[in-house]
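Structure, as C-alpha cells:
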Amino acid sequence: MSAKTSTVFVALFSGINVGGNRIVKMAELKAFFESLGFADVATYVQSGNVVFWAKKEDATTLTRKIEAAFEKKWGFHSRIMVRDAGWFERLVKDNPYPEIAGEPTKLHAYALEREPTAEETQRLADKCTGPERFEIKGDVLYLHAPDGLGKSVFANLIARTLKVPGTARNWRSVMALLEMAGKAGG
C-alpha cells in the first residue's frame, strides 16, 4: 500500500478482555486484521487497540466492515471506534488538562461515536459532583479523575448518563497509540 492511497488508522475495541470475559488474544486480533487485507498491523495492550494501514476511506465504513467480520469470527459484538492518526494528533493537541498529562492514569480520553448534544452534555455535568472534571471537544470526552478511574463514581455514570457510545483510554495508552501511528506513518 502506498502512502498516497492509504493511511494509518487506530481501532479501539470496547468490552473485550475485561474481567476475564470476551477473551481475544492480541496475536489473533493482529492476524484477523491482516486477513482483512490491512497492512503493518500492530496491537497495544490487552484492551484491544490496533494500529494499521488501510486504503483511504471513511472511518465509519471501515468500522462497519471490521465490526461485522469480528462478530462473525468471535461470535459476539464489540463496539469499535476507528480513527485516523490525525484524530489522535488533535486529541493530544486539544487536551484541556495538560498539567495532568504527566499523571497518565488520572487522565482519560473517551472516543465517542458522535459529538454529544448540549442537553446530553448538561445531563452529564449535573452528575459530576465529585473530584472529577471533564470537558468534551467534538467526539472526545476528556476526564480528569484525580483518584484514578477505578475509584471514580462519576466515571461509572458516563456511559449511561451521556448515552453516546464510546470507549475510554488512559493517557499512557493515548500517547503510545499516537507514537505507534506516527511510526507507522513514517
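Look at (1) in contact (Cβ under 8 Å) with a residue 12 or more places away in the chain; (2) more than 25 Å from residue 183 (Cα to Cα) and you find that residue 59 fails only one, number (2).
Residues in the range 104-160 that are open to solvent by less than 30 Å² (accessible area, probe 1.4 Å), part of a helix (DSSP H, G or I) and not hydrophobic (A, V, I, L, M, F, W, C): 120 only. When we screen 86, 48 for residues that are exposed (fewer than 15 other Cβ atoms within 10 Å of the Cβ) and either in contact with a Lys or Arg (Cβ under 7 Å, 6 or more places away or on another chain) or under 16 Å from residue 177 (Cβ atoms) (or both), the only hit is 86. Among residues of the range 118-138 that are within 14 Å of residue 159 (Cβ to Cβ) and touching a residue at least 40 places away in the same chain (Cβ under 8 Å), those with a Cβ under 9 angstrom from a residue that is assigned to a loop (DSSP other than H, G, I, E, B) and open to solvent by less than 90 Å² (accessible area, probe 1.4 Å), sequence gap 6+ or separate chain, pair up as 120/164. List the number of the failed condition for residue 35; all other conditions in (1) surrounded by fewer than 16 Cβ atoms within 10 Å (Cβ to Cβ); (2) closer than 20 Å to residue 169 by Cα; (3) of a type outside the set (Phe, Trp, Tyr) hold. Unmet for residue 35, out of (1) surrounded by fewer than 16 Cβ atoms within 10 Å (Cβ to Cβ); (2) closer than 20 Å to residue 169 by Cα; (3) of a type outside the set (Phe, Trp, Tyr): (2).
Please indicate, with yes or no, whether at least one residue in the range 167-184 is part of a loop (DSSP other than H, G, I, E, B) and surrounded by fewer than 15 Cβ atoms within 10 Å (Cβ to Cβ). No; the residues of the range 167-184 include none that is part of a loop (DSSP other than H, G, I, E, B) and surrounded by fewer than 15 Cβ atoms within 10 Å (Cβ to Cβ).
Checking each residue in the range 133-162 for being at positive phi and at pLDDT 95 or above picks out only 138.
Rundown of residues vs (1) open to solvent by 30 Å² or more (accessible area, probe 1.4 Å); (2) in a helix (DSSP H, G or I); (3) hydroxyl-bearing (Ser, Thr, Tyr), yes/no style:
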residue	(1), (2), (3)
11	no, no, no
31	yes, yes, no
63	no, yes, yes
70	no, yes, no
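Within the range 33-61, the set of residues being assigned to a loop (DSSP other than H, G, I, E, B) and of a type outside the set (Val, Ile, Thr) comprises 36, 37, 38, 46, 47, 48, 56, 57, 58.
Name the residues in the range 77-91 that are within 14 Å of residue 168 (Cα to Cα) and part of a helix (DSSP H, G or I), would you? Of everything in the range 77-91, those that are within 14 Å of residue 168 (Cα to Cα) and part of a helix (DSSP H, G or I) turn out to be 88, 91.
The values are calculated or read from the model by the stated rules, or taken from the named source; none is laboratory data. Keep in mind that what you see is a predicted model, and the values were worked out from it rather than measured. Backbone-built Cβ (ideal geometry, glycine too); neighbour counts: all protein chains shown. The accessibility values were calculated without ligands, DNA or RNA, using every heavy atom of the protein model including side chains. Shrake-Rupley method; radii C 1.70, N 1.55, O 1.52, S 1.80 Å.
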